[in-house]
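The values are calculated or read from the model by the stated rules, or taken from the named source; none is laboratory data. Bear in mind the structure is a predicted one, so any value in this text is a computation, not a measurement. When we count neighbours, we look across all protein chains shown, and the Cβ atoms used for this are built from the backbone with ideal geometry, even at glycine.
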Amino acid sequence: MLAFSKLKKSYEKYDRRTLVIISLSFIFSVFLIVATFYYFFLKKKNSFTPITYSDVKEVIVIYKKINTIKDIVPITCESVTPIVYTKVISLDNLPVKEKKKKFIDIVLPSILIAEFKIKQERNYVERIKNKIANGEPLTADEEKFLSKTLEKYKAQDIAELLEKINIHPVSIVLAQAAIESGWGSSRFFVRGNNIFGAWTWNKNAKKIAAKKNKKVYLRRFNNVLESVEDYFFSLNVSWAYKKFRLVRLKTTDPLLISRHLDKYSILRKRYVEKIKTVIQENQLQKYDNCKINPDYIIN
């Protein structure tokens, strides 16, 4: 009888353990089924990686003043250090060859930084476009970014936005910078970091009075990069460069694209010829593939 009682208790103990194990196994199985259903049906249905501002890469910029010619850092096309000059000096008294070289050393880093930022902005818009095309919902940040960017570029839709948020060959930018600033010898370049002779009619803007007309002003920028960014924004937004923007979507040839910059100057076709001449005579196309030193690019 005693032996039977012990056996019964042992069985009951074993039975309880079995019940617990079975229960836990059941719960775990249900969890696996639910998790599998979520992954293969719900998650897959909305499988997308939300675009966040952290996805956009940035350039670590070095700000520097130029007090003497020795302060200008020579560039190496394959790995350009992203230096933005906050103060420049006139290059007018230098021998022509050195003058041109120093001017490119000053301006090229800012051109590459500006283009890098535009490309990041464009990539962001393209990813949003792809999400919409795939029927994926946009996050609140994405919707906010898209709305602000459409307003900023005065675009009606994403197609027009991608036409406007774009870059063009460095050789064109360098040529125009050289023409407008006299290869770094103009008064507005020296006094206002104004490379492209940008005008302003804003009473509150930082400005420099034109020599011949004290009522007409040129913009004064805090640094060279600001001037380059203003140049790109003007070409990317103004109605006058609509054809220019459409052509650069089809080709990267600077000589073909620059044909449509006739409205940039009152010289019209002569200005276009000037750009072509400056590009060819100074072999500026060799700078079209220059890159920012990757050590200065962060996520």
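Only one of these is in contact with a helix residue (DSSP H, G or I) (Cβ under 8 Å, 6 or more places away or on another chain) and either outside the structural domain of Ile208 (by TED's automatic domain parsing) or among the acidic types (Asp, Glu) (or both): Glu136, Glu160, Glu142. Name it. So that I can check it myself, show each step before the final result.
Values: Glu136 fails: in contact with a helix residue (DSSP H, G or I) (Cβ under 8 Å, 6 or more places away or on another chain); Glu160 fails: in contact with a helix residue (DSSP H, G or I) (Cβ under 8 Å, 6 or more places away or on another chain).
When all the criteria are applied, what remains is Glu142.
Look through Ala178, Ala210 and report the one residue that is surrounded by fewer than 21 Cβ atoms within 10 Å (Cβ to Cβ) and touching a Phe, Trp or Tyr at 6+ places or on another chain (Cβ under 9 Å).
Details: Ala178 fails: surrounded by fewer than 21 Cβ atoms within 10 Å (Cβ to Cβ).
The conditions single out Ala210.
Could you name every one of the helices (runs of 4 or more DSSP H) located completely within the range 92-189 that has at least 3 residues being under 17 Å from the mean Cα position of the chain (by Cα) and modelled with pLDDT of 95 or more? Break it down into steps so the answer makes sense when it comes.
On the way: elements: 96-133, 140-152, 158-164, 170-181.
It comes to 96-133, 140-152, 158-164.
Which of (1) in contact with an Asp or Glu (Cβ under 9 Å, 6 or more places away or on another chain); (2) touching a residue at least 12 places away in the same chain (Cβ under 8 Å); (3) surrounded by fewer than 17 Cβ atoms within 10 Å (Cβ to Cβ) does Asn130 not meet, given it meets every other one?
Here Asn130 clears every test but (2).
May I ask you to verify whether Ile118 is assigned by TED's automatic domain parsing to the domain that holds Asn282, in contact with a helix residue (DSSP H, G or I) (Cβ under 7 Å, 6 or more places away or on another chain) and buried (at least 21 other Cβ atoms within 10 Å of the Cβ)?
On the way: assigned by TED's automatic domain parsing to the domain that holds Asn282: yes; in contact with a helix residue (DSSP H, G or I) (Cβ under 7 Å, 6 or more places away or on another chain): yes; buried (at least 21 other Cβ atoms within 10 Å of the Cβ): no.
Criteria not met by Ile118.
Which residues, counting only those in the range 184-196, are surrounded by 22 or more Cβ atoms within 10 Å (Cβ to Cβ) and either at positive phi or touching a residue at least 60 places away in the same chain (Cβ under 8 Å) (or both)?
Passing the criteria: Gly184, Phe189, Asn193, Ile195.
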